[in-house]
Structures are given as structure tokens and as C-alpha cells.
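Undergrad: Before I ask anything, let me first share the structure, which is written out below as C-alpha cells.
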Amino acid sequence: LGPATMPRTWAWAAGGTRFEQHRAVSAWTGANIVSLLTGESPLRHGVHTRGQEIPRAWHKPLDELRRAGYAVAGLQGFMIVAGFHATGIEVDTRLGPFDWLAARAKDGRPFFLWHHYLETHLPYHPDPAYMPDWETLLPPGDEAARARIAAVMREPAIPAGGVDFRESDVPAIRALYEANFRAFDDWFMRLIAHLHSTGLDRNTIVVLTADHGEEHLDHGARVGHASTTRDGHLHEELVHVPMVLHLPPDIALI
């Protein structure tokens, strides 16, 4: 996250509180999201791999919000996986975030919404409007490099050793990855504009963060993170992630 890849989001973040030293607690989605939604360390909540979930008897923050009358929702189908079962999230795939938020503006019900922007995840295949000229970033005549980049653009997971990546592939990989952040920049600004047009910006706290980063041959010939390389670690490229807290005008951070 920075002014080059997400200029408008970067400017928006300047109006909030940006935690420059925030670290994720793991290198994959499950453990990190459960920690974000519960406030608990993986050492306590126990979600370390697929198929695990927190104890259903736990008193969770989102349960408390729901008892207080809040709509507590996630809108994407992947949220039904076991790791998120007992977090208090109610999964409702009938509406996208814009329509769901418009409904809350109409009915006035307080809410907690978890939306997970997935388009920066492997495969790195930005929409045509954002597609970089990645082929010009490869060594001339290297047809094998084209095949390696094609895998990055096609595969949702690339296990370590599955593709023989070279250092010369990094510029093209990075260009594709960063193009997805430019797309996010536009999408996120549409979301912020939607909050403004519905009046929700007056009383909505917006938290922007990430569950993990991605490695691009930083420590070996791997592209992705723990769930996609099957060879996770905790180096900075995977755990040093953004965290921005943006408060409504009449709420102070104390």
C-alpha cells in the first residue's frame, strides 16, 4: 500500500490513523481473520490449518453486537468454511457490499460488515483496463518465462517447486500484482463514495487491513503465501500488512 499503487486510498488513509508497524499473526487467511474477528491470538483460538474452528461456547465480540441488534454479516461464499463458523459472522451471499450497505442506510440498523477483497490474490490476472504490458518486462526471446508468468496469471495456488521461477520473472510478476492494487484503489474509492452518498459515512468506522502479504521470490523461488505455496514462513513480505482506522467526524480515537 503506497502512493504509487493506491494513490487515492493513500490519501484517504491520511485522514485516519495508519498503523505503520502492524503485523499479521500468520501467513495465511484463516488464522489471521479469526484473530481479527475475535481479538484472540492463534495460540489461544487454535485455528492453525483448514478444518479447525474456535470453541463454539466462547463468548465472541460479534455475538455481543448481534445481541445488541446489529446486523453482523459477511457476503462471500468462502466465508462458510469451518474456520469462521463460530466467529459470530452470519454469511449472506444474496447481496454485494454496495446493495447490502444501501439496505442498512435505508433500515437504519447498526451493522458490522466484513468484506474480503479477493482480486489481489493469486491468480494475478487484472481486468483489461489495468493489465500491464508485462511481456516487455521479460528477457527477450525467453519463451519459458512466458509460460512461468502464464501460471501466475492462471493458477490460484503455485506450490513451492511447482514452477521453476527465475529472478528475471519478478518485474512482470510485480507489475501484474500491483495492477490489481490499482484496480482496488478504484473499487475502494467507489465504496467510500457510496458511504458518503448514503449518509453512512457520518457514523461508520472503516477499518482497512489485510490478512497476509505475498512473496515474489523474496526468500526462495516462491510466489504467493502459505496457502498457495504450501511452504509458509513469517518473513516481513507476508506479515507486515496495512492497518488503517478511519473514524467518523464526531468520534475521537482515545
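The values are calculated or read from the model by the stated rules, or taken from the named source; none is laboratory data. Just so it is clear, the model here is predicted, and its values are computed rather than measured. For neighbour counting, all protein chains shown are included, and Cβ atoms are generated from backbone atoms with ideal geometry for every residue, glycine included. For accessibility, only protein heavy atoms count, side chains too; no ligands or nucleic acids. Shrake-Rupley method; radii C 1.70, N 1.55, O 1.52, S 1.80 Å.
Undergrad: On the first, second and third principal axes, largest extent first, how far apart are the outermost C-alpha atoms of region 161-205 in Å?
TA: 51, 17, 12
Undergrad: Can you sort TYR130, TYR124 by 1.4 Å-probe accessible area, starting with the largest?
TA: Working: TYR130 60, TYR124 0 Å².
If we order TYR130, TYR124 from most to least accessible, we get TYR130, TYR124.
Undergrad: Report in % the part of the accessible area of the chain that belongs to carbon and sulfur, leaving out ligands and nucleic acids; probe 1.4 Å. Intermediate values should be presented prior to the final figure.
TA: Working: 7210 of 13020 Å².
Of the solvent-accessible surface of the chain, carbon and sulfur hold 55 percent.
Undergrad: Could you please report the charge total around TRP100, scoring K, R as +1 and D, E as -1 over all other residues with beta-carbon less than 14 angstrom from its beta-carbon? Walk me through the intermediate numbers first.
TA: Values: positive: ARG94, ARG104, LYS106, ARG109; negative: GLU90, ASP92, ASP99, ASP107.
For residues surrounding TRP100, the net value is 0.
Undergrad: Please list GLU214, GLU135, GLU178 in order of solvent-accessible area, largest first, computed with a 1.4 Å probe with all protein chains present. Can you show the working numbers first?
TA: Details: GLU214 15, GLU135 85, GLU178 55 Å².
Accessible-area ranking of GLU214, GLU135, GLU178, largest first: GLU135, GLU178, GLU214.
Undergrad: Follow-up question, since we're still on this one. I'd like the accessible area for TRP58: 1.4 Å probe, protein heavy atoms, all chains in place, Å² to the nearest 10.
TA: About 60 Å², ignoring ligands and nucleic acids.
Undergrad: Rank these by accessible area, largest first, 1.4 Å probe: SER41, SER197.
TA: Descending accessible area places them as SER197, SER41.
Undergrad: Need the full-extension length gain, LEU191 to ASP250, defined as separation in residues times 0.36 nm minus the C-alpha distance. One decimal, nm. Walk me through the numbers on the way to the answer.
TA: Values: separation 59, 0.36 × 59 = 21.24 nm, distance 2.05 nm.
Taking 0.36 nm per residue and subtracting the Cα distance, the gain is 19.2 nm.
Undergrad: Label ARG109 and ILE205 with points 7 Å out from Cα along Cα→Cβ: what is the distance between them in nm?
TA: With each label point 7 Å from Cα toward Cβ, the separation is 2.1 nm.
Undergrad: Still on this structure, I have one more. With a cap of 16 neighbouring Cβ atoms within 10 Å, and only residues DSSP puts in a loop, list the trypsin sites (Lys or Arg not before Pro) found in region 19-61.
TA: On the way: sites: ARG23, ARG44, ARG50, ARG56; in loops: ARG50, ARG56.
Answer by residue number: ARG50, ARG56.
Undergrad: Please report the relative contact order for region 1-94, taking Cα pairs under 8 Å with a sequence separation of at least 6, and give it as a percent rounded to a whole number.
TA: That works out to 22 percent.
Undergrad: Using 1/(1 + (r/R0)^6) with R0 = 22 angstrom and r between the beta carbons of SER168 and HIS240, what's the FRET efficiency to the nearest 0.05? If you can, show how the numbers build up before the last one.
TA: Numbers: r = 26 Å, r/R0 = 1.16.
Step by step, r from the Cβ atoms, then E = 0.30.
Undergrad: How high is the relative contact order of the chain, in percent, with contacts defined as C-alpha pairs under 8 Å that are six or more residues apart?
TA: Across the chain, relative contact order equals 26 percent.
Undergrad: With no solvent and one point on each alpha carbon, what is the Debye value of log10 I(q)/I(0) for the chain at q = 0.12, 0.15 Å⁻¹?
TA: -0.79, -1.20
Undergrad: Right, something else. Round to the nearest 10 and give me the degree value, 0 to 90, for the angle of helix 29-38's Cα axis relative to the longest principal axis of the chain.
TA: So the inclination is approximately 20 degrees.
Undergrad: Here's a follow-up. Under the rule of -39500 (n - 2.57) per DSSP H run of 4 or more residues, summed and divided by the residues of the chain, what mean residue ellipticity at 222 nm is obtained, to the nearest 500 deg cm²/dmol? Numbers along the way, then the final one.
TA: Working: 9 runs with 88 residues, N = 254.
About -10000 deg cm²/dmol.
Undergrad: Treating the beta-carbon of each Lys and Arg as +1 and of each Asp and Glu as -1, no other charges, what is the dipole magnitude of the chain about its Cα centre, to the nearest 20 debye? Mind showing how you got there, number by number?
TA: Numbers: 23 positive and 31 negative charges, 190 e Å.
Using Cβ point charges on Lys, Arg, Asp and Glu, the chain gives about 920 debye.
Undergrad: Rounded to the nearest 10 degrees, what's the angle between the helix 170-198 long axis and the longest principal axis of the chain, both from Cα atoms, 0 to 90?
TA: Here the helix axis deviates by roughly 20 degrees.
Undergrad: Something else about it: Just want the answer: with Cβ charges of +1 for Lys and Arg and -1 for Asp and Glu, which residue in ILE173, ALA252, GLY16 is farthest toward the dipole's positive end in the chain?
TA: My answer, from the dipole projection, is ALA252.
Undergrad: Now, a different point. Using the heavy atoms of the protein chains and a 1.4 angstrom probe, tell me the accessible area per residue for region 132-187 in square angstrom.
TA: Working: 2680 Å² over 56 residues.
Ligands and nucleic acids excluded, the figure is 48 Å² per residue.
Undergrad: Another question, if that's okay. Given GLY77, VAL152, ALA129, which one lies farthest toward the positive end of the charge dipole of region 26-182, if we put +1 on the Cβ of every Lys and Arg and -1 on the Cβ of every Asp and Glu?
TA: Towards the positive end, the residue furthest out is GLY77.
Undergrad: With the Cα gyration tensor of region 1-111 in hand, give its eigenvalues times 5 under a square root as the equivalent ellipsoid semi-axes, listed largest first in whole angstrom. If you can, show how the numbers build up before the last one.
TA: Details: eigenvalues 123, 100, 39 Å².
The equivalent ellipsoid of region 1-111 has semi-axes of 25, 22, 14 Å.
Undergrad: If you place +1 on the Cβ of every Lys and Arg and -1 on the Cβ of every Asp and Glu, how big does the dipole about the Cα centre of region 157-254 come out, in debye to the nearest 20?
TA: Numbers: 7 positive and 15 negative charges, 60 e Å.
That gives region 157-254 a dipole magnitude of about 280 debye.
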